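Have a look at the structure below, then the notes.
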Amino acid sequence: MPQIRVDNLSKAYRVAEREAGAMGAVKGLFRRRHRTVEALKHICFSLDEGELLGFIGPNGAGKSTTIKILSGILIPTSGVCEVGGLTPWKDRIAHVARIGVVFGQRTQLWWDLPVIESFQLLRDIYRVPETSFRRSRDQMVGLLRIEPLLDTPVRQLSLGQRMRCEIAAAMLHSPRILFLDEPTIGLDATSKLAVRDFVKVLNRDQGVTVILTTHDMHDIEALAKRVIVIGNGVVLRDASLEAMRAEIVGERRLVVDFADDVAALSIEGVAVVAHDGRTQTLAFDPRRIAPHRLISQITADHEVEDLHLEEPPIEEVVARFYALHGADEA
């Protein structure tokens, strides 16, 4: 039985409208106009225990709305949503005791308190036994390397430091499901790597189910084997990154470092997509020209210092997918 089941889930908002200008404001006092915005349109998916799912899409696609419904913050207009056998918005107290949630632009820590005091308050809120709390706290502190930060007021932390503390706070009650909504937004490279390493360990070693929404495709590529792409409130694709690449981009890249300056290569079936000094990046369809044949042809005609094959960047794959399915990227 899936740990998370979403079936025909929809969410619509009623939004007030008025004409621009002072007259529009006056008219709005007497006659209100409204329109309906469909944030989610009959989406369906399921997730087994221990999976790590990347949930991606352009701004306004419905990602955060889905996470808020799954975490019990929002009530859907229609459809079924079960998390661990519970309906999030109906069984909210029991539900929130079993999940952890991190919103990249929201905080669950107290701004003027030292981090350790926020942790202790969360222990009381979740009614975590002292022994279990200390075990979880020490484990999170070690994994996220935040021991030097525990006595620092939250308002004095950098964004990267605060986000690591936020993730630790979400795991103090040992939830079996973790929702991460843009957890690395605005972080520097070091902080991003720390968060990624932590999520990997949590999912791999402790079997925690993770749903990750992010615009950082490097996070998705580093962590998620399965990806759901959502656009305009509809699930567009539920597959692996490898399957998406094969579906959207039937090409590979060959990066060649020449020993001397070489004019842009002209080879049938091959396109030069980047030319920087002595380095050229070639795009080709391996079904039309085999990589070893292309390499042999280039090395026969030119002296080469180095070369390597690579896949198209994940950002390019996702951008092409949005364009193919008419999802507006913002």
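The values are calculated or read from the model by the stated rules, or taken from the named source; none is laboratory data. All of these numbers come straight from a predicted model, not from anything done at the bench. All Cβ positions, glycine included, derive from the backbone under ideal geometry; neighbour counts span all protein chains shown.
Here are the numbers for the structure shown:
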{"read-out": "Count - residues of segment 212-246 that are touching a residue at least 24 places away in the same chain (Cβ under 8 Å) and in contact with a strand residue (DSSP E or B) (Cβ under 8 Å, 6 or more places away or on another chain)", "value": "24"}
{"read-out": "Any chance residue 70 is touching a residue at least 60 places away in the same chain (Cβ under 8 Å), closer than 21 Å to residue 238 by Cα and touching a Cys at 6+ places or on another chain (Cβ under 7 Å)", "value": "yes"}
{"read-out": "Counted residues, segment 286-302 - those being more than 30 Å from residue 247 (Cα to Cα) and touching a strand residue (DSSP E or B) at 6+ places or on another chain (Cβ under 7 Å)", "value": "1"}
{"read-out": "Answer from 165, 81 - the residue that is within 22 Å of the chain's Cα centre (by Cα), of a type outside the set (D, E, K, R) and at pLDDT 95 or above", "value": "81"}
{"read-out": "Residue 255 being out of contact with any helix residue (DSSP H, G or I) (no Cβ under 7 Å at 6 or more places or on another chain) and over 23 Å from residue 6 (Cβ atoms)", "value": "yes"}
{"read-out": "Flag if residue 265 is in contact (Cβ under 8 Å) with a residue 12 or more places away in the chain, in a loop (DSSP other than H, G, I, E, B) and not assigned by TED's automatic domain parsing to the domain that holds residue 54", "value": "yes"}
{"read-out": "Residue satisfying condition, being surrounded by 14 or more Cβ atoms within 10 Å (Cβ to Cβ), within 20 Å of residue 184 (Cβ to Cβ) and among the small types (Gly, Ala, Ser), within set 54, 79", "value": "54"}
{"read-out": "Members of segment 269-302 that are among the charged types (D, E, K, R), under 33 Å from the mean Cα position of the chain (by Cα) and outside any loop (DSSP other than H, G, I, E, B)", "value": "276"}
{"read-out": "First in segment 174-191 and assigned to a loop (DSSP other than H, G, I, E, B), second anywhere and of a type in the set (Asp, Glu), Cβ under 7 Å, 6 or more apart", "value": "184/216; 184/219"}
{"read-out": "Filter result for residue 119 (modelled with pLDDT under 90 and surrounded by 21 or more Cβ atoms within 10 Å (Cβ to Cβ))", "value": "no"}
{"read-out": "Residues being crowded, with 18+ Cβ neighbours inside 10 Å and either of a type outside the set (Val, Ile, Thr) or part of a strand (DSSP E or B) (or both) - total across segment 238-250", "value": "3"}
{"read-out": "Residue tally, condition among the β-branched types (Val, Ile, Thr) and either under 17 Å from residue 3 (Cα atoms) or assigned to a helix (DSSP H, G or I) (or both), over segment 44-82", "value": "5"}
{"read-out": "Some residue of segment 213-227 being under 24 Å from residue 126 (Cα atoms), under 15 Å from the mean Cα position of the chain (by Cα), surrounded by 18 or more Cβ atoms within 10 Å (Cβ to Cβ) and in the same structural domain as residue 238 (by TED's automatic domain parsing)", "value": "no"}
{"read-out": "Filtered residues of segment 127-151 (kept if outside any helix (DSSP H, G or I) and either closer than 21 Å to residue 184 by Cα or aromatic (Phe, Trp, Tyr) (or both))", "value": "145, 146, 150"}
{"read-out": "Selection within segment 192-212 - part of a helix (DSSP H, G or I), of a type in the set (Val, Ile, Thr) and buried (at least 16 other Cβ atoms within 10 Å of the Cβ)", "value": "195, 199"}
{"read-out": "The listed residue being surrounded by fewer than 18 Cβ atoms within 10 Å (Cβ to Cβ), out of contact with any Leu (no Cβ under 9 Å at 6 or more places or on another chain) and closer than 24 Å to residue 161 by Cα, out of 127, 134", "value": "134"}
{"read-out": "Single condition residue 294 does not satisfy, out of (1) more than 30 Å from residue 54 (Cβ to Cβ); (2) at pLDDT below 90", "value": "(2)"}
{"read-out": "Restricting segment 283-320 to residues that are more than 25 Å from residue 261 (Cβ to Cβ) and among the aliphatic types (A, V, I, L, M), the residue that is surrounded by the most Cβ atoms within 10 Å (Cβ to Cβ)", "value": "318"}
